[in-house]
1. What FRET efficiency comes out for the pair T62/M1, r = Cβ-Cβ distance, R0 = 30 Å, nearest 0.05?
2. Give me the angle, in degrees from 0 to 90, between the Cα long axis of helix 22-32 and the longest principal axis of the Cα atoms of the chain, rounded to the nearest 10.
3. If the chain between H50 and R27 were fully stretched, how many nm would it gain, using 0.36 nm times the residue separation less the Cα-Cα distance?
4. What ³J(HN,Hα) values, in whole Hz, does the Karplus curve 6.51 cos²θ - 1.76 cosθ + 1.60 give for the range 93-102 when θ = phi - 60°, with x put for Gly and Pro?
5. Over 18 Å, how big is the tail of the calculated P(r) for the chain, in percent of all Cα pairs?
6. Net charge near N4: determine it from the other residues with C-beta under 13 Å of the C-beta of N4, scoring Lys and Arg +1 and Asp and Glu -1.
7. Can you pull a Stokes-Einstein diffusion coefficient for the range 70-157 at 10 °C (1.306 mPa s), Rh from Kirkwood over Cα pairs, as a whole number of µm²/s?
8. Can you sort L32, L63 from fewest to most other Cβ atoms within 10 Å of each residue's own Cβ?
Amino acid sequence: MPLNRDHLGRSTTSSEPFEVTRGDIRRFATALGDLNPAYHDRAAAQALGHRDLVAPPTFLVTLGFSTAAGLITDPELGLDYSLVVHGEQRFELHRPVYAGDQLDTESRLDAMRDAGRNELLSIVTEVTAGGERVATTTNTLVSRGTAAARPTTPEKA
C-alpha cells in the first residue's frame, strides 16, 4: 500500500537536548577505527584549536531517529518498517560538534517519491546547540514495494 503523501512537510522537535559526552565521541571514533587524537585526547584537540574533543563528521548519525521517529512511526503514514532499508545519509556541518554540546533537533518529512516499485522518503533534520546552527542532516529511507501500481501498456507486436 502506498504511503500517505499528506504527511509530506510534517515536522517534529526533540523533547530534550542530546548531551554529547567525551565518552560518546571516543566510542564512536573507536568504532570507526579512527585514531585521530582530536577525537580521543582533549589536550590534542585543544592544541588543534578546538575547545574540547571534537566529534567525527558522521557522529550525528548517533542521534538516529530520536526526533524523526514520531514522523515515521505515525500509523497514518502507513510505513511498514519491515519493508524499509537505509538509502542514503548526508551531513552538512555548519560547525564542529564538541563534547559538552547540548543538541536540539527538528526533523521534517521533506520529500517522498516513487522509484520504480519503491518509495523514497527524505527526512531533513536541523541540529542546533543553544540556538546556533550545528548541522543539517538528510536521511533517505527506501520503502520497498509500496509504490502505487502503474497501469501496464500492452506490448506492441
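1. Numbers: r = 32 Å, r/R0 = 1.07.
In this case the efficiency is close to 0.40.
2. Roughly 60 degrees, rounded to the nearest 10.
3. Details: separation 23, 0.36 × 23 = 8.28 nm, distance 1.88 nm.
Answer, rounded to one decimal: 6.4 nm.
4. Values, residue by residue: 8, 8, 6, x, 9, 10, 4, x, 4, 10 Hz.
5. Pairs farther apart than 18 Å: 63 percent.
6. Values: positive: R5, R10; negative: D6, D74, E76, D80, E119.
Net charge in that neighbourhood comes out at -3.
7. Numbers: Rh = 15.2 Å.
Translational diffusion coefficient: 104 µm²/s.
8. Values: L32 13, L63 19.
Going from sparsest to densest Cβ surroundings: L32, L63.
Computed from the coordinates by the stated procedures, all read-outs in this text should not be read as laboratory data. In this text, all values refer to a predicted model and were calculated from it rather than measured experimentally. Note that we place each Cβ from the backbone using ideal geometry, even for glycine, and neighbour counts take in every protein chain shown.
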